[in-house]
Amino acid sequence: MDLLDTLTAKGLRGETPTREEALAVLATTDDELLDVVAAAGRVRRRWFGRRVKLNYLVNLKSGLCPEDCSYCSQRLGSKAEILKYTWLKPGQAAEAAKAGVSGGAKRVCLVASGRGPTDRDIDRVTDTVAAIKEADPAVEICACLGLLSDNQAERLKAAGVDAYNHNLNTSEGTYGDIATTHTYADRVDTVQKAHGAGLSACSGLIAGMGESDEDLVDVVFALRELGSDSVPVNFLIPFEGTPLAKEWNLSPQRCLRILAMVRFVNPDTEVRIAGGREVHLRSMQPLGLHLANSIFLGDYLTSEGQAGQTDLDMIADAGFEVEGMGESTLPRHRADIAAAAGGCGTAAVPGEGADAAVGGCGTGGGCGPCGGHGHAVPAATAGETAVPATEQAAGTAADEVRTDLVRVRRRGAGTELAPNA
């Protein structure tokens, strides 16, 4: 189809499509879906080859957030039965990070609930980064601590943090519908502070909150304009006990179209499938790897992901390979921009099929499923699963949601049980 030929040609040149073209991707039919995946897959391979970057989340501080983000299990007033604990000690966090790195993760994402860090919190994170890098100096560190005040990004950079995650989540026009205790502008300001301090900017979205196609396109274009090196795409899983508990708006096909649109708009940017991939993509997760070049390994902040070994098997079975520590995630022109800004990462030569890495830690990445405070998953007590409402994606009834894949995290950081990695 002419649309896909145009989008592929633009993506191979690193050009951004028009808003109308991006909207047209979301409007394609299920009959056209494999053609859409194939076209976006060519763009993905042009800039990232068949590499998949693995990221690992460590939830440093869980629950009891004063913010009112509607999607979040850790929000003010949440009745979700999630783990709640205060700051992990540096040694505890380093031990949790070790599990992810041992499983193949090249980036560890340190997340803490709350509006934003105090100066004492920055000290805690500094000590934690030192403990993690003492064990493995090559590991990349992304911090996700909420809204930043002046000079905090610079302190994190000096401490050895490589990237900062703060998601825009949805369009500016609808942001007030999901949070009232801070604004869309506050989030943009934090991303700009991080980028200005030389940190690799990681900022993404949450799909499935009842937004329109126009909202999705608005936020993805805004992320492109902000210069985000990494775009985590989260798929909302409605948490019982939060205001979005009844929002089941996604199907696997819808998720793939969203990922394809994000890839076309961000051809040379790291695109990560973040929270909700196991629940919403289900058996179609391997197709998502043809669109995104990055995933989280194992568990998320407050929910359990599929087994880490299953992630690794999926990557290998689909014909992809795990990106190594010494490989640069971003293609050369974007890595050079990041290096000039003071970020980490050296160049890789882009080409159809693969990028030739020439060293460095690689920029891009970040903590997708947190939204600055946490990500939304269905509430369930230990050993139980949440019960979904009827899904209405694309105007048709969807297959039964795989609730067996959705469990509140009861292992890893903040518990006495071994992590999943």
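Tabulated data for the structure shown
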| quantity | calculated |
| --- | --- |
| Counted residues, the range 218-230 - those being among the small types (Gly, Ala, Ser) and either over 17 Å from ALA292 (Cα atoms) or open to solvent by 10 Å² or more (accessible area, probe 1.4 Å) (or both) | 2 |
| The range 301-311, subset part of a helix (DSSP H, G or I) and either surrounded by 17 or more Cβ atoms within 10 Å (Cβ to Cβ) or touching a helix residue (DSSP H, G or I) at 6+ places or on another chain (Cβ under 7 Å) (or both), residue modelled with the highest pLDDT | ASP311 |
| Residue satisfying all of: in the range 17-41; without any contact (Cβ under 8 Å) to a residue 60 or more places away in the chain and assigned to a helix (DSSP H, G or I); most open to solvent (accessible area, probe 1.4 Å) among these | ASP31 |
| Subset of the range 161-217 (residues that are part of a helix (DSSP H, G or I), closer than 20 Å to ARG334 by Cα and open to solvent by 10 Å² or more (accessible area, probe 1.4 Å)) | GLN192, LYS193, HIS195, GLY196 |
| Every residue from the range 164-216 that is closer than 16 Å to CYS72 by Cβ and basic (Lys, Arg) | ARG187 |
| Subset of the range 205-238 (residues that are of a type in the set (Phe, Trp, Tyr) and in contact with a His (Cβ under 9 Å, 6 or more places away or on another chain)) | PHE235 |
| Subset of the range 124-160 [closer than 25 Å to LEU64 by Cα, part of a helix (DSSP H, G or I) and open to solvent by 60 Å² or more (accessible area, probe 1.4 Å)] | ARG124, ASP127 |
| Flag if HIS182 is more than 20 Å from CYS69 (Cβ to Cβ) and more than 16 Å from the chain's Cα centre (by Cα) | no |
| Residue pairs meeting the criteria (Cβ under 9 Å; at least 6 apart or on separate chains; first at pLDDT below 95, in the range 1-16; second of a type outside the set (Val, Ile, Thr)) | MET1/GLU32; MET1/ASP35; MET1/ALA39 |
| Residues satisfying the stated conditions in the range 42-76, i.e. open to solvent by 10 Å² or more (accessible area, probe 1.4 Å) and either of a type in the set (Gly, Ala, Ser) or part of a helix (DSSP H, G or I) (or both) | ARG42, ARG45, ARG46, TRP47, SER70 |
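The values are calculated or read from the model by the stated rules, or taken from the named source; none is laboratory data. Given the structure is predicted, the values throughout are model-derived calculations rather than measurements. Positions of Cβ are backbone-derived with ideal geometry, glycine not excepted, and every protein chain shown enters the neighbour counts. Accessible surface areas use protein heavy atoms only, side chains included; no ligands, DNA or RNA. Shrake-Rupley method; radii C 1.70, N 1.55, O 1.52, S 1.80 Å.
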